[in-house]
Amino acid sequence: MRHPVLADTSRGQNRPRPAPPETRIPISETIAASPGAAAVAAGSVSLTGIAPRSGRGGFLASADMSSTQAPSTPGPTRLRQALGTFATGVTVVTGLDATGPVGFACQSFASVSLDPPLVLFCADHRSRSWARIREAGRFGVNVLAEQQSELCRRFGTPGGAKFTDLAWDLSDWSTPALRGVLARVHADVEAVHPSGDHDVVIGRVLEVERVCDRPPMLFFRSNYGTFA
């Protein structure tokens, strides 16, 4: 840009006079004075990339121009380790078919609704015990107490003894009732939702039983235990 030529009366001739120096505004003030200052202050505009404005002076707040890659999906081991920090109770889901009693240990049990009364548990697609219970259409959930580690091993390990030489009772709802548990929930299979490598089973509750009042058994970091 050309500066205006000012008359120099002291020498009777026209000579260029320097223009006053430019006032540089700090970057922070430039941003604060911009129309989007409120958005920047509120954190809704990324300042990761600050691009110079074309021409003289000033800066623009721009979006992050770096190429970011979405994180990879966690594998089974990492997922198990993370979710294992969430402590849960331990149950044994039981059923009865023409072959006899059947059951498996299950920590993925939860209440779904109080009205109507619904519960859920998750079962592996490959579980032969779940296949038999599903065919029977009715199940019982036995909530284990802290001292029932032997019962947990029976139903929670491959090749466990399960009902072999185990004393149990037949409930009024035709499901095996385990002794000494904290509570029992009797339900009909209401719906089955396949999800990943498991089935999410919704049960309509027929009746509940409070059996005893003791500390529960817990499942934490892939191990069964009790309160310290």
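Kindly evaluate Ala191 against the criterion of being within 17 Å of Ala123 (Cβ to Cβ) and modelled with pLDDT of 95 or more. Yes; evaluated as a whole, the condition is true for this residue. The set of residues in the range 150-179 being under 21 Å from Ser108 (Cα atoms) and among the hydrophobic types (A, V, I, L, M, F, W, C) consists of Leu151, Cys152, Phe155, Ala177, Leu178. Screening the candidates Thr99, Thr91 for the property of being touching a Leu at 6+ places or on another chain (Cβ under 7 Å) and either modelled with pLDDT of 95 or more or not acidic (Asp, Glu) (or both) yields one hit, Thr91. Restricting the search to strands (runs of 3 or more DSSP E) fully inside the range 126-228 and requiring at least 1 residues that are of a type in the set (A, V, I, L, M) and surrounded by fewer than 17 Cβ atoms within 10 Å (Cβ to Cβ) gives 168-170, 183-195, 198-210.
The values are calculated or read from the model by the stated rules, or taken from the named source; none is laboratory data. Remember, it's a predicted structure, so these values are computed and weren't measured experimentally. So basically every Cβ, Gly included, is an ideal-geometry build from the backbone, and we count neighbours across all protein chains shown.
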